Amino acid sequence: MALYATFMPPSSPKFNLYAKIRAPFNPYSVRVLNPLTIRASTTLDYSNVSANDKSSPLKTSNWQWKFKDNLVNIYYEEHVKESSEPSQNILMMPTISDVSTVEEWRSVAGDIVQRNGNANWRATIVDWPGLGYSDRPKMDYNADVLEKFLVDFINSPNSPIKQPENDLIIFGGGHAASIVARAAKKGLVKPKAIAAVAPTWAGPLPIVFGRDSSMETRYGFLRGTLKAPAVGWMMYNMLVSNENAIQSQYKSHVYANPENVTSGIVESRYALTKRKGARYLPAAFLTGQLDPVTSREEFLELFAALEGKTPVLVLSTKGSPKRSKAEMEALKGAKGVSKFVEVPGALLPQEEYPALVAEELYQFLQEYFGSVAYS
C-alpha cells in the first residue's frame with residue numbers, strides 16, 4: 001500500500017512520510033550441516049508440483065491466552081492426515097502485516113501433511129493476537145508482546161501443541177521468522193528446526209526513514225493518531241481498510257506477479273480490516289514497534305546464535321522490494337544459516353507460490369528428518 005501523509009506533531013516541524021507498507025511424539029535425531037547456498041531454480045524441478053490439488057482434514061479452534069489483564073481468544077487451525085502413526089508437529093506463523101492471516105499458510109500446510117514418507121507431519125497455523133481471526137484488544141503491542149505470545153503458545157501446559165522439548169519445527173514468514181529466531185536465541189523456545197520465509201525485521205516506515213530520535217517522535221504521533229477513537233478510524237479507513245488500497249499493496253510489492261492478486265484475496269483481506277480492534281496492531285507494525293531488532297547486525301546475530309544448535313532454512317525471494325531483499329540477501333552464507341534458497345515471489349511467497357515453497361520446505365524436512373524412521 002502506498003502511504004503519503006503530512007503530520008504536524010506538537011513542537012515538531014512538518015514532515016512528509018511516503019512508504020510502501022510491506023507490509024506421544026517420537027523425537028528424531030538432528031544433523032546440523034555446514035552452511036550452503038542453493039538456488040531453487042537449479043536444484044528442484046517444480047514443473048509437476050502443485051499445492052492446489054492437495055487437501056487435508058482441517059480442525060479449527062480457539063485457545064485462550066492470558067496476558068496481563070487481557071484474556072485473548074487465539075484462533076488456530078490444525079492440518080492432519082489420517083494415520084495410526086505418531087506425528088511430528090510443525091507450527092506455521094503468519095507474516096506480520098496489517099492483513100496478516102492463517103490463510104497464507106493453508107495450501108502449504110495441506111501439501112506437506114498429505115505427502116507420503118517416513119515422517120507423519122501435522123501442521124498447526126495460528127493467528128497472532130491482534131491479527132487475523134484472533135481477538136484484537138486495545139493494548140500496547142510491541143515485539144516483546146508477540147514474543148511472549150509465541151513462547152506461551154508453545155510452552156503453556158494447556159497449549160494445543162504442547163509436546164516434548166526440542167520436538168517442534170517452526171516455519172515463520174516476515175517478522176514472524178525473526179521473532180521466532182529471537183525467542184530461540186534467548187532459549188525461551190527450543191525448536192527442532194526453523195524455516196524463515198522471506199524474513200524481515202524493519203517495519204514499513206523505519207526501513208525507509210530510519211529510527212533517529214526525531215523520527216521516533218513522529219512515529220509515536222502517528223501511532224497515537226491511528227489508535228485514537230474518531231480520527232484513528234478515519235485515517236485507518238483511508239490508508240488500510242479499503243479494497244483499492246489493499247489491491248494496490250498486493251500488486252505493488254506483496255505479490256511478485258500482479259496477475260496473481262485475485263478479487264477473492266482482496267475481499268478476504270478487506271474483511272479482516274473490519275474486525276473489532278483491527279487498527280491497533282497495524283499501528284504498531286507500521287511505526288516499527290513490532291521490530292524484533294533495530295539493525296542488520298542484530299538481525300544477523302539472531303541466526304548466528306543458533307549455529308550448531310538448530311538447523312535453519314532461509315527462503316529469500318526474487319521479487320521482494322529492494323530494501324527487504326537486501327536484508328534477506330544478508331543471510332546468504334551467514335553464520336547459523338544451514339541452507340539458503342531463493343524462490344519466486346515477494347513478501348508472501350507461501351501464499352503466491354505455495355507449491356514451490358512447500359517443495360523447498362519438504363526437501364528441508366527430508367534432508368534433516370526424513371531418513372529417520374519412528375522408533
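Please treat every number below as a calculation from the coordinates, not as lab data. Just so it is clear, the model here is predicted, and its values are computed rather than measured. Counting neighbours? That spans all protein chains shown, and the Cβs are built from the backbone with ideal geometry, glycine included.
Taking the Cβ of each residue in Leu347, Leu71 as the centre, tally the other Cβ atoms inside 10 Å and list the residues starting with the fewest.
Ranked by crowding around the Cβ, least crowded first: Leu71, Leu347.
Under 17 Å Cα-Cα from Lys185, which aspartates and glutamates qualify once same-chain neighbours fewer than 8 residues away are excluded?
Those aspartates and glutamates meeting the cut-off are Asp144, Glu147, Asp152, Glu165, Asp167, Asp291, Glu297, Glu298, Glu301, Glu307.
At Met238 and Glu307, where each label point lies 7 Å from the Cα along Cα→Cβ, what is the point-to-point distance in nanometres?
Roughly 4.9 nm, to one decimal.
Excluding residues on the same chain fewer than 8 positions from Lys276, give the lysines whose Cα lies under 18 Å from its Cα.
Here the lysines satisfying the reach criterion relative to Lys276 are Lys138, Lys227.
May I ask you to sort Phe171, Phe299 by Cβ crowding, counting other Cβ atoms within 10 Å and putting the fewest first?
Listing Phe171, Phe299 from fewest to most nearby Cβ atoms yields Phe299, Phe171.
For the range 65-114, what does the alpha-carbon gyration tensor say about shape, rounded, prolate or oblate, given a ≥ b ≥ c as the root eigenvalues, a/c under 1.5 as rounded, and a/b over b/c as prolate?
oblate
Nearest 0.05, what FRET efficiency do Asn257 and Arg296 give at R0 = 35 Å with Cβ-Cβ as r?
E between Asn257 and Arg296, to the nearest 0.05, is 0.80.
How far is it, in nm, from the label point at Lys162 to the one at Val231 when both lie 7 Å from their Cα along the line to the Cβ?
Result for the modelled spin labels: 4.7 nm.
Taking the Cβ-Cβ separation of Lys138 and Lys190 as r and a Förster radius of 41 Å, what is the calculated FRET efficiency to the nearest 0.05?
Efficiency, from the Cβ-Cβ distance: 0.80.
If R₀ is 41 angstrom, what is the calculated FRET efficiency for the pair Lys68 and Lys322, using the beta carbon separation as r and rounding to 0.05?
0.60
Determine which lysines satisfy two conditions relative to Lys318: a Cα distance under 26 Å, and not lying fewer than 8 residues away in the same chain.
Within the straight-line cut-off, Lys318 pairs with Lys20, Lys54, Lys251, Lys332, Lys335, Lys339.
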